[in-house]
Amino acid sequence: MKKQLKFWGTRGSCPVSGPEYQRFGGNTLCVEGRYGDAHFIIDAGTGIRPLGQALLSEGASRIHLFISHTHLDHVIGLPFFAPLYTKGFKVIISAPETGGKTSAEIIKELLSPELFPVRLDEVKADIEFRPIHPKHPIRLGDLTIDFHQTRHPGYALSFKIQTPHQKIGFATDNEFLLGYMGKVDAIPEEARKKEKSFIEFFKGADLMIHEGQYFPEEYRHHVHWGHSSVLNAAALMKEVSAPRWFSLHHDPKHTDSDLDRLASLAQRTLDLANIACKSEWVGDGHLLYLE
């Protein structure tokens, strides 16, 4: 029985290619989860294109797709998801509904004649849209998936995935400690209070999948962009007592060597602050085995 997460896309904002991106890859966000009978996808960035081909080759006929938010980098791969064009394939799309539009209306715009040659009503798969509401968990087989809003422009959700043995936090677009430039182990109480709900939601996670997109010097120029500095993300690991941290949603301008430096800075920061957490920067194709 497979118990794993596979990262088919780990880039943020836009896909990238070239020799300097070979190790971490360039597809935008898409993660596949399998746990016994539960089979799901989080986000439909460009990584969902090769995932769709793999699903058809193995004979899959049903998948549950969760969309954290409908910014372009998280849905741009959906028109190229081969199961959409396969008769008898069932795709359940669960997404937050804010801003006056349903997820079905947004996807219909994406698959419109002005943007793509195939319309939503022309695809062959059976598509079902379901709204996501925080505090309304979804049960998938042995898994329970719960949701919490992140600090990101518009409206975006993070996920808490609970297996019978583990609690997994998943947040790709989240600006933890908005505007904070201080030390990891000296967060002002006022700043901590603003993050209380998010911290409590993930408290005690066995592992956190959370972005650490910016070097400290970069973050000074990207406050309010909806993404965390590596130092503030490290502070989150302390606050939720996570022993393992996997970082993704890499900035498109960060090359393999940049991400190596960012990963080294993250672990050095954790160690110097006596935070008992091991960090790892993951790339396209990474497999994370679950308990």
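The values are calculated or read from the model by the stated rules, or taken from the named source; none is laboratory data. Because the structure is a prediction, the values reported are computed rather than measured. Using ideal geometry, Cβ is built from the backbone for each residue, glycine included, and neighbour counts are taken over all protein chains shown.
The table below gives the values:
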| read-out | value |
| --- | --- |
| Residue that is surrounded by the fewest Cβ atoms within 10 Å (Cβ to Cβ) [pool: residues in region 14-46 that are hydroxyl-bearing (Ser, Thr, Tyr) and more than 14 Å from Gly77 (Cβ to Cβ)] | Ser17 |
| Contacts under 9 angstrom Cβ, first residue in region 29-42 being hydroxyl-bearing (Ser, Thr, Tyr), partner outside any strand (DSSP E or B) and surrounded by fewer than 24 Cβ atoms within 10 Å (Cβ to Cβ), 6 or more apart | Tyr35/Met1; Tyr35/Lys2; Tyr35/Gly141; Tyr35/Asp142; Tyr35/Thr163; Tyr35/Leu290 |
| Residues of region 76-105 classified as among the aromatic types (Phe, Trp, Tyr) and either part of a loop (DSSP other than H, G, I, E, B) or modelled with pLDDT under 90 (or both), total | 2 |
| Subset of region 241-268 [closer than 19 Å to Ile187 by Cα and under 18 Å from the mean Cα position of the chain (by Cα)] | Ala242 |
| Tally, over region 1-32, of residues that are farther than 14 Å from Leu248 by Cβ and assigned to a strand (DSSP E or B) | 2 |
| Residues located in region 147-163, provided they are assigned to a strand (DSSP E or B) and either among the hydroxyl-bearing types (Ser, Thr, Tyr) or at positive phi (or both) | Ser158 |
| Of residues in region 131-146 being assigned to a strand (DSSP E or B) and either touching a Lys or Arg at 6+ places or on another chain (Cβ under 6 Å) or in contact (Cβ under 8 Å) with a residue 12 or more places away in the chain (or both), the one surrounded by the fewest Cβ atoms within 10 Å (Cβ to Cβ) | Pro131 |
| Qualifying residue in region 160-175 (condition: out of contact with any strand residue (DSSP E or B) (no Cβ under 7 Å at 6 or more places or on another chain) and over 21 Å from Leu5 (Cα atoms)) | yes |
| Count - residues of region 231-256 that are under 21 Å from Ile168 (Cβ atoms), in contact with a helix residue (DSSP H, G or I) (Cβ under 8 Å, 6 or more places away or on another chain) and outside any helix (DSSP H, G or I) | 4 |
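Residues are listed down the side, and each one gets a yes or a no for (1) at pLDDT 95 or above; (2) over 15 Å from the mean Cα position of the chain (by Cα); (3) under 24 Å from Glu211 (Cα atoms):
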{"site": "Lys135", "(1), (2), (3)": "no, yes, yes"}
{"site": "Ile138", "(1), (2), (3)": "yes, yes, yes"}
{"site": "Leu143", "(1), (2), (3)": "yes, yes, yes"}
{"site": "His148", "(1), (2), (3)": "yes, no, yes"}
{"site": "Arg151", "(1), (2), (3)": "yes, no, yes"}
{"site": "Tyr155", "(1), (2), (3)": "no, no, yes"}
{"site": "Phe159", "(1), (2), (3)": "yes, no, yes"}
{"site": "Gln162", "(1), (2), (3)": "yes, yes, yes"}
{"site": "Gln166", "(1), (2), (3)": "yes, yes, yes"}
